Amino acid sequence: MVFKPLRSWFISGLLLLAPVGVTLFVFNLLIKRVGVPVRELFDAWITPELLENPFVELGLNIASLLLVVVLVAMLGWFSQLLLGRVFVNFFERIVDGLPVVRSLYNSVKQIRDTFVQQQKAVFQKAVLIEYPRKGVWVLGFLTSDGRGEVQFRTEAELVNVFVPTTPNPTSGFLLMVPKEEVIELEMSISDAMKVIISGGAVTPRFDPVTGTSTPAPDPATIAPQTPPTERQP
């Protein structure tokens, strides 16, 4: 019984370290195969007296590192082209034929795809909904329309709304709300996030005549207000 959770924790730790380990391995391999030969090429054109200068040594190391970064960026750009996609698909078919490598590659690819999806903008609109009861309103973010079994099992047309917590918006609640009960706001997503992080202290101005909202100031630039001290009689 003791070894079962330990094994689960160990596997979870390996999955967390897999993308970092693969990245370090590939980067180290590129430095050895590309950066070091380029560095040796630079050394052949520089006199030994200059090589003894620590600033020249640092500059050569930085140049070799930047070359590796540029090559990785060019590889990413190439993979987005049509020819690059064909090459990537051909490489993945080869990997699928290697049992051990296939499992590791698919795990790392899944983690990478999840990370990339999280970096994309999933918030479509800042909205206002009544939660947790009627008459109480909260700010939320519209993420998508209701889909799948959840939408099929309900009669109302649902939308997915993420309601973050204050002051840490990285956690929150996923609410599936009828579309007619959601009020879309004119304020931008960043302004709505400022309202949530500041606990309502920072609010963008709204012009009811034009129906437009002006950007809210950065919460970090607002000095905290101290309550006035009462005078003693």
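Order by neighbour count: 187, 193, fewest other Cβ atoms within 10 Å first, most last. Write out the running numbers ahead of the final one.
Working: 187 23, 193 20.
Taking fewest neighbouring Cβ atoms as first place, the list is 193, 187.
For the stretch 125-220, the Kirkwood hydrodynamic radius from C-alpha pairs, put into Stokes-Einstein at 4 °C and a viscosity of 1.567 mPa s, yields a diffusion coefficient of 91 µm² per second. Taking 0.36 nm per residue of separation and subtracting the current Cα-Cα distance, fully stretching the chain between residue 145 and residue 212 would add 21.6 nm.
Only counting other Cβ atoms within 10 Å, I'd like 145, 191 sorted with the fewest neighbours first.
Ascending Cβ contact count within 10 Å gives the list 145, 191.
If I model a spin label as a point 7 Å beyond the Cα along the Cα-Cβ vector, how far apart are those points for residue 152 and residue 203 in nm? Reported label-point gap for residue 152 and residue 203 is 4.4 nm. Using the beta-carbon distance between residue 71 and residue 93 and R0 = 22 Å, what value does 1/(1 + (r/R0)^6) give for FRET efficiency, to the nearest 0.05? Using R0 = 22 Å, I get an efficiency of 0.35. Here the residues 210, 154, ranked from fewest to most Cβ neighbours within 10 Å of their Cβ, fall in the order 210, 154.
All of the numbers you see were taken from the coordinates with simple rules; none came from a lab. Every value quoted in this text rests on a predicted model; they were computed, and no experiment measured them. Reconstructed Cβ throughout: ideal geometry from the backbone, glycine too, with neighbour counts over all protein chains shown.
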